[in-house]
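Contents: one structure, followed by commentary.
The values are calculated or read from the model by the stated rules, or taken from the named source; none is laboratory data. As the structure is a prediction and not an experimental result, all values here were calculated from the model. Ideal geometry is used to build each Cβ from the backbone, glycine not excepted, and the neighbour counts take in all protein chains shown.
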Amino acid sequence: MRAALAVRKTGTGDPLVLLHGIATDSRIWTTVVPRLVRERAVVTVDLPGFGASDPVGEGFELDRVAARVARGLAANGIHDGFDLVGHSLGGGVAIALAALMPNSVRRLMLVAPAGLRPLPPSVGTLLGTERVANLVSSGADAFLAARRSAAALADMAWGRRLLLALTAADGSDVPPAIARGMLEASLSARRTGPALATITTTDLRPRLAATRMPLGAIWGEADLTVPIRALDDLMVARPDALVVRLADTGHVPMVERPDAFVRALERLLNNETNPSAGEPMLA
């Protein structure tokens with residue numbers, strides 16, 4: 001059943017809002033929610049145009065998406081004093097939402113966020129911005145369709161390693177049911193192409209630099225989708241950010257290493273750092 005914004009709340013306590021990445025939905029958090037809900041009210045959201053949430057407009061405009069998320073949270077009684085976690089595309093949305101609701105977001109936690117290293121302006125100048133967006137969009141949809149057609153391979157370790165090659169450091173470590181769920185989720189992701197086109201051509205660094213709430217980041221050192229070198233851009237924008245780098249981990253740490261991810265997130269939410277303040281932590 002479709003909704004303007006699909007919001008699911010589990011548990012009691014201070015709200016922790018989780019925004020998923022591209023080509024998936026809130027199911028990406030399935031493994032970590034039971035761990036997080038012990039202390040918090042965990043709120044998972046299907047971004048507009050993904051999962052059970054209706055799209056906003058024809059494409060994926062970050063400001064309109066953030067505004068829809070803000071309204072959906074408020075309709076569920078979550079309008080101030082919440083911590084916000086955004087993964088990949090959801091990290092970009094989280095930055096836009098934090099800029100929209102600076103007095104409501106207590107702490108901003110970014111997991112391999114997209115939008116910090118946009119395509120060079122020369123690419124848009126050479127090919128045309130609209131053409132670049134169309135190429136990115138059509139390429140993403142074609143890739144996901146091809147991957148879904150081979151979903152049966154998820155039952156085999158080597159198949160998961162192949163299907164999740166750009167997502168996980170070692171796809172064979174991902175349980176078959178979780179891998180199949182990730183592939184199935186991309187089928188209901190109706191705005192993957194436009195969202196990818198938006199997030200690869202938008203520079204969110206100025207907005208991130210303007211945020212004032214405490215900032216934390218979690219990054220897999222083997223991430224091929226949003227490589228960890230983009231962490232340099234995050235640290236330039238917010239040199240005060242606390243960071244946990246996860247070794248032998250790709251783009252979906254909440255799936256690949258759920259225990260390590262939860263420990264890292266809890267450390268950041270509790271403002272725990274290593275003795276050298278400002279230096280990245282390694283979980």
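Can you tell me which residues in segment 219-236 are touching a residue at least 60 places away in the same chain (Cβ under 8 Å) and in contact with a Ser or Thr (Cβ under 9 Å, 6 or more places away or on another chain)? Answer for segment 219-236, where residues must be touching a residue at least 60 places away in the same chain (Cβ under 8 Å) and in contact with a Ser or Thr (Cβ under 9 Å, 6 or more places away or on another chain): Trp219, Gly220, Asp223, Thr225, Val226.
Looking only at segment 252-277, count how many residues are assigned to a loop (DSSP other than H, G, I, E, B), surrounded by fewer than 20 Cβ atoms within 10 Å (Cβ to Cβ), without any contact (Cβ under 8 Å) to a residue 40 or more places away in the chain and not β-branched (Val, Ile, Thr). I'd like the intermediate steps shown before the answer.
In the first step, residues of segment 252-277 are kept if they are assigned to a loop (DSSP other than H, G, I, E, B); the result is 252, 257, 270-277.
Of the ones still in play, those that are also surrounded by fewer than 20 Cβ atoms within 10 Å (Cβ to Cβ) are 270-277.
Next cut, without any contact (Cβ under 8 Å) to a residue 40 or more places away in the chain only: 270, 272-277.
Okay, now just the ones that are also not β-branched (Val, Ile, Thr), so 270, 272, 274-277.
Of the residues in segment 252-277, 6 are assigned to a loop (DSSP other than H, G, I, E, B), surrounded by fewer than 20 Cβ atoms within 10 Å (Cβ to Cβ), without any contact (Cβ under 8 Å) to a residue 40 or more places away in the chain and not β-branched (Val, Ile, Thr).
Give me the residue from segment 1-38 that is part of a loop (DSSP other than H, G, I, E, B) and free of Cβ contacts under 8 Å to residues at least 40 places away in the same chain and, out of that set, nearest to Ala114 (Cα to Cα).
Start the filter on segment 1-38 by keeping residues that are part of a loop (DSSP other than H, G, I, E, B), which leaves 1-2, 4-5, 11-14, 20-25, 30-32, 37-38.
Filter again for free of Cβ contacts under 8 Å to residues at least 40 places away in the same chain, leaving 11-13, 37-38.
Working: Gly11: 29, Thr12: 30, Gly13: 29, Val37: 26, Arg38: 29 Å.
Ranking the candidates gives Val37 first.
If you go through segment 39-48 and keep only what is in contact with a Phe, Trp or Tyr (Cβ under 8 Å, 6 or more places away or on another chain) and either of a type in the set (Lys, Arg) or assigned to a loop (DSSP other than H, G, I, E, B) (or both), you end up with just Pro48.
If you go through segment 166-198 and keep only what is in contact with a Lys or Arg (Cβ under 7 Å, 6 or more places away or on another chain), more than 12 Å from Ala23 (Cβ to Cβ) and among the hydrophobic types (A, V, I, L, M, F, W, C), you end up with Val174, Ala179. Candidates Leu215, Leu246: the one that is at pLDDT 95 or above, touching a Leu at 6+ places or on another chain (Cβ under 9 Å), farther than 12 Å from Gly91 by Cβ and buried (at least 19 other Cβ atoms within 10 Å of the Cβ) is Leu246. Can you find a residue that is at pLDDT 75 or above, charged (D, E, K, R), part of a loop (DSSP other than H, G, I, E, B) and under 22 Å from the mean Cα position of the chain (by Cα) anywhere in segment 144-166? Within segment 144-166 (the criterion being at pLDDT 75 or above, charged (D, E, K, R), part of a loop (DSSP other than H, G, I, E, B) and under 22 Å from the mean Cα position of the chain (by Cα)), the answer is no, since none of the residues qualifies. Number of residues in segment 216-242 that are more than 14 Å from His87 (Cα to Cα) and among the β-branched types (Val, Ile, Thr): the value is 1. Could we say that Thr198 is touching a residue at least 24 places away in the same chain (Cβ under 8 Å), on the phi < 0 side of the Ramachandran plot, touching a helix residue (DSSP H, G or I) at 6+ places or on another chain (Cβ under 9 Å) and in a helix (DSSP H, G or I) here? In short, yes. Residues in segment 49-100 that are in a helix (DSSP H, G or I) and either more than 27 Å from Trp219 (Cβ to Cβ) or β-branched (Val, Ile, Thr) (or both): Arg64, Val65, Ala67, Arg68, Val69, Arg71, Gly72, Ala74, Ala75, Val93, Ile95.
Among the residues making up segment 36-61, a single one is over 26 Å from Thr201 (Cα atoms), touching a helix residue (DSSP H, G or I) at 6+ places or on another chain (Cβ under 7 Å) and not β-branched (Val, Ile, Thr): Leu36.
Of all the numbered requirements in (1) among the acidic types (Asp, Glu); (2) within 20 Å of Arg160 (Cα to Cα); (3) assigned to a helix (DSSP H, G or I), Asp223 misses one, and that requirement is (3). For segment 233-251, a residue qualifies if it is touching a Lys or Arg at 6+ places or on another chain (Cβ under 9 Å) and either of a type in the set (A, V, I, L, M, F, W, C) or in a helix (DSSP H, G or I) (or both), and the qualifying residues are Asp233, Leu234, Val236, Ala237, Leu242, Val244, Leu246. Residues in segment 49-75 that are surrounded by 15 or more Cβ atoms within 10 Å (Cβ to Cβ), out of contact with any Phe, Trp or Tyr (no Cβ under 7 Å at 6 or more places or on another chain) and either closer than 22 Å to Glu266 by Cα or touching a residue at least 60 places away in the same chain (Cβ under 8 Å) (or both): Phe50, Gly51, Ala52, Pro55, Gly59, Phe60, Glu61, Leu62, Arg68, Val69, Gly72, Leu73.
Across segment 185-195, what is the total count of residues that are surrounded by fewer than 19 Cβ atoms within 10 Å (Cβ to Cβ) and touching a residue at least 60 places away in the same chain (Cβ under 8 Å)? Steps first, please.
Step one: list which residues in segment 185-195 are surrounded by fewer than 19 Cβ atoms within 10 Å (Cβ to Cβ), which gives 187-188, 190.
With the extra rule that they be touching a residue at least 60 places away in the same chain (Cβ under 8 Å), the set shrinks to 188, 190.
Residues flagged as surrounded by fewer than 19 Cβ atoms within 10 Å (Cβ to Cβ) and touching a residue at least 60 places away in the same chain (Cβ under 8 Å) within segment 185-195 amount to 2.
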